[in-house]
1. Taking segment 71-89 only, how many residues are more than 16 Å from Trp160 (Cα to Cα) and surrounded by fewer than 21 Cβ atoms within 10 Å (Cβ to Cβ)?
2. Quick check: is even one residue across segment 25-42 within 30 Å of Val92 (Cα to Cα), at pLDDT below 85 and within 22 Å of the chain's Cα centre (by Cα)?
3. Looking only at segment 222-253, how many residues end up being loosely packed, with under 13 Cβ neighbours inside 10 Å and farther than 27 Å from Val204 by Cα?
4. Based on what the data block shows, is Thr225 modelled with pLDDT of 90 or more, under 13 Å from the mean Cα position of the chain (by Cα), within 27 Å of Leu131 (Cα to Cα) and assigned to a helix (DSSP H, G or I)?
5. How many residues are of a type outside the set (D, E, K, R), surrounded by fewer than 20 Cβ atoms within 10 Å (Cβ to Cβ) and either part of a loop (DSSP other than H, G, I, E, B) or in contact with an Asp or Glu (Cβ under 7 Å, 6 or more places away or on another chain) (or both) if we restrict to segment 119-168?
6. Could you please let me know if Leu173 is at pLDDT below 90 and either small (Gly, Ala, Ser) or on the phi < 0 side of the Ramachandran plot (or both)?
Amino acid sequence: MNLHAIRAIYMFEMARAWRTLLQSLVAPVISTSLYFVVFGGAIGNRITEIDGISYGAFIVPGLIMLSLLTQSISNASFGIYFPKFTGTIYEVLSAPVSYLEITLSYVGAAATKSVVLALIILATAAFFVPLRIDHPVWMITFMILTAVTFSLFGFIIGIWADGFEKLQLVPLLIVTPLAFLGGSFYSINMLPPIWQTVTLFNPVVYLISGFRWSFYGVADVSIYTSLAMTLVFLALCLAVVGWIFKTGYKLKR
């Protein structure tokens, strides 16, 4: 494995994050802080507790997961799309670097940036609400698995997109609504039975539920079901990326 090539692409992508620090880190943290003020302050005064947890603390895992999903997709999709847009992707493809090494570099950088942002948001949340983390190992596991999985998903979107508009199409029209409807700000047990059943078809429910369990030990679905669903989506993304490089989809002139 060409570790030098992996490191070169990885460091280039990480350097780009520092050049756009305001957009990469500051803006998401400010946006999340506003969620705490609006939802935790305004709605929290009316919903005191959910499953014995203050509403402000209850929404922290959902807000972190929401940022993790959107930023993982955004970082990875733009990271691979921009070389396509400028034409430099063909230099990478013609270099002595395997498809696995290319994927590891771009996805690894996107996942790293997303995890760093998630940890910053977690630290920011501690200023607004009292937090506890009952299962820190599970929390890190879900955070890394989610970041890698959705970075792979973003990598696929970046290859598929043939314009900047398409980069935002899937995150805005599909992923963000699923995250809001996946229990970010409420427990699905609060819904009528029919809607609880419908919500279980939303894959984001399992991510948020498992992540919230790692904090407070409460979940809408089994922790092992959440882990299994995350691994299934990860396997699907890996299979699609493998097919893309095998067939040259959207990469060949």
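1. Number satisfying all stated conditions: 1.
2. So far as segment 25-42 goes, yes, one or more of its residues are within 30 Å of Val92 (Cα to Cα), at pLDDT below 85 and within 22 Å of the chain's Cα centre (by Cα).
3. Selection size over segment 222-253: 5.
4. No.
5. Qualifying residue count for the region: 9.
6. Yes: the conditions hold for Leu173.
Quick grid of which residues meet (1) closer than 19 Å to Ala8 by Cβ; (2) of a type in the set (S, T, N, Q); (3) at pLDDT 90 or above; (4) in contact with a Pro (Cβ under 7 Å, 6 or more places away or on another chain):
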{"position": "Ser54", "(1), (2), (3), (4)": "no, yes, no, no"}
{"position": "Leu68", "(1), (2), (3), (4)": "no, no, yes, no"}
{"position": "Ile89", "(1), (2), (3), (4)": "yes, no, no, yes"}
{"position": "Val92", "(1), (2), (3), (4)": "yes, no, no, yes"}
{"position": "Ser105", "(1), (2), (3), (4)": "yes, yes, yes, no"}
{"position": "Thr112", "(1), (2), (3), (4)": "yes, yes, yes, no"}
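The values are calculated or read from the model by the stated rules, or taken from the named source; none is laboratory data. Being a predicted model, the structure only gives us computed values, none of them experimental. For neighbour counting, all protein chains shown are included, and Cβ atoms are generated from backbone atoms with ideal geometry for every residue, glycine included.
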